[in-house]
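These notes concern the structure reproduced below.
The values are calculated or read from the model by the stated rules, or taken from the named source; none is laboratory data. Since we're looking at a predicted model, the values are computed, not measured. Glycine also receives a Cβ, built like all others from the backbone with ideal geometry; neighbour counts cover every protein chain displayed.
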């Protein structure tokens with residue numbers, strides 16, 4: 001059970017140790033490509049959600065769930081490898097994207113192989129419904145990415161449409177990570193649903209913060225260029241909320257940007273400034289706070305379980321970073 005000896009910091013250390021000493025696929029090239037991505041860092045939130053989900057329903061020693069937790073992070077890594085190919089990204093977490101070092105063909109195959117390797121192990125070692133949850137999660141992630149591509153440059157995109165995309169492409173994996181940990185540990189339906197709902201609400205807030213930081217952070221902190229979403233003409237939440245009740249002059253300028261080819265640093269910097277001055281940043285922060293409050297409220301069925309406090313701390317840390 002999660003106690004002072006196994007705090008969230010300890011869970012992070014357990015996951016890191018597992019990747020350093022226990023992770024290997026059956027293909028040396030794939031293992032090398034994935035290890036490079038893992039070595040570049042990351043918060044390891046998804047595997048921590050799995051371990052916290054197990055603890056939340058009364059698991060004694062969460063180390064028994066480390067392989068399952070690792071699979072959640074590896075699903076995330078595989079999606080990042082594919083994303084960088086689709087987006088023609090050059091950097092990820094401050095280092096070369098996998099496609100830069102290995103090429104697009106190896107990168108696509110690496111992501112495909114990793115998905116297959118994960119599901120081979122999951123289906124061999126975990127009972128229903130865990131394999132079904134993960135296969136449905138992967139379908140949702142792909143659907144969310146396609147919906148995002150179809151929404152490129154759509155200035156009429158609504159907050160509800162944005163949330164649907166964020167729920168599928170980002171939040172679903174957070175939810176499934178916690179849910180699978182709780183299932184594997186034999187939790188009851190009420191507690192399993194509680195950690196799943198936390199993951200969904202937290203994941204939407206996480207994506208919103210990612211969109212916000214893309215405009216307000218630095219390249220050093222992001223590990224990729226600032227304004228990258230604007231460069232790709234994505235409709236992110238700061239843009240959607242800035243356009244809500246915007247004056248004609250601002251909307252016309254946004255239309256020119258999304259319809260044109262000028263994605264110079266100067267033009268993107270100007271767009272970011274306008275989005276901020278039209279309330280895009282402040283409104284986004286308010287919506288993030290609302291989703292994080294929903295996330296924490298969903299944990300009520302966990303009672304006084306130590307894992308509940310750890311989940312709340314993770315939500316509070318995200319809010320403090322906004």
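General remarks:
- Matching entry among 112, 101 (being outside any loop (DSSP other than H, G, I, E, B), surrounded by fewer than 15 Cβ atoms within 10 Å (Cβ to Cβ) and in contact (Cβ under 8 Å) with a residue 40 or more places away in the chain): 101
- Of residues in the range 148-158 being outside any helix (DSSP H, G or I) and in contact (Cβ under 8 Å) with a residue 40 or more places away in the chain, the one surrounded by the most Cβ atoms within 10 Å (Cβ to Cβ): 157
- Pair list, Cβ < 6 Å and 6+ apart or interchain, from the range 293-315 residues that are in contact (Cβ under 8 Å) with a residue 40 or more places away in the chain to residues that are in a helix (DSSP H, G or I) and surrounded by fewer than 17 Cβ atoms within 10 Å (Cβ to Cβ): 296/312; 301/190
- Condition met for residue 297 (surrounded by fewer than 17 Cβ atoms within 10 Å (Cβ to Cβ), within 22 Å of residue 173 (Cβ to Cβ) and at pLDDT 95 or above): yes
- When the residues of the range 11-66 are filtered to those that are over 28 Å from residue 127 (Cβ atoms) and assigned to a loop (DSSP other than H, G, I, E, B), the one that is modelled with the highest pLDDT is 43.
- Residues of the range 260-277 classified as assigned to a helix (DSSP H, G or I) and either touching a helix residue (DSSP H, G or I) at 6+ places or on another chain (Cβ under 9 Å) or surrounded by 11 or more Cβ atoms within 10 Å (Cβ to Cβ) (or both), total: 12
- When 98, 170, 79 are screened for being under 23 Å from residue 231 (Cβ atoms) and touching a strand residue (DSSP E or B) at 6+ places or on another chain (Cβ under 9 Å), only 98 passes.
- All conditions in (1) in contact (Cβ under 8 Å) with a residue 60 or more places away in the chain; (2) surrounded by fewer than 17 Cβ atoms within 10 Å (Cβ to Cβ) hold for residue 241, with the sole exception of (2).
- Tally, over the range 229-238, of residues that are in contact with a helix residue (DSSP H, G or I) (Cβ under 6 Å, 6 or more places away or on another chain) and either surrounded by fewer than 20 Cβ atoms within 10 Å (Cβ to Cβ) or not in a loop (DSSP other than H, G, I, E, B) (or both): 5
One line per residue, one yes/no per condition, for (1) surrounded by 22 or more Cβ atoms within 10 Å (Cβ to Cβ); (2) touching a strand residue (DSSP E or B) at 6+ places or on another chain (Cβ under 7 Å); (3) part of a loop (DSSP other than H, G, I, E, B):
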position	(1), (2), (3)
136	no, no, no
142	no, no, no
160	no, no, no
174	yes, no, no
181	yes, no, no
187	yes, no, yes
201	yes, no, no
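- Residue in the range 207-225 that is surrounded by the fewest Cβ atoms within 10 Å (Cβ to Cβ), counting only those that are part of a loop (DSSP other than H, G, I, E, B) and free of Cβ contacts under 8 Å to residues at least 40 places away in the same chain: 218
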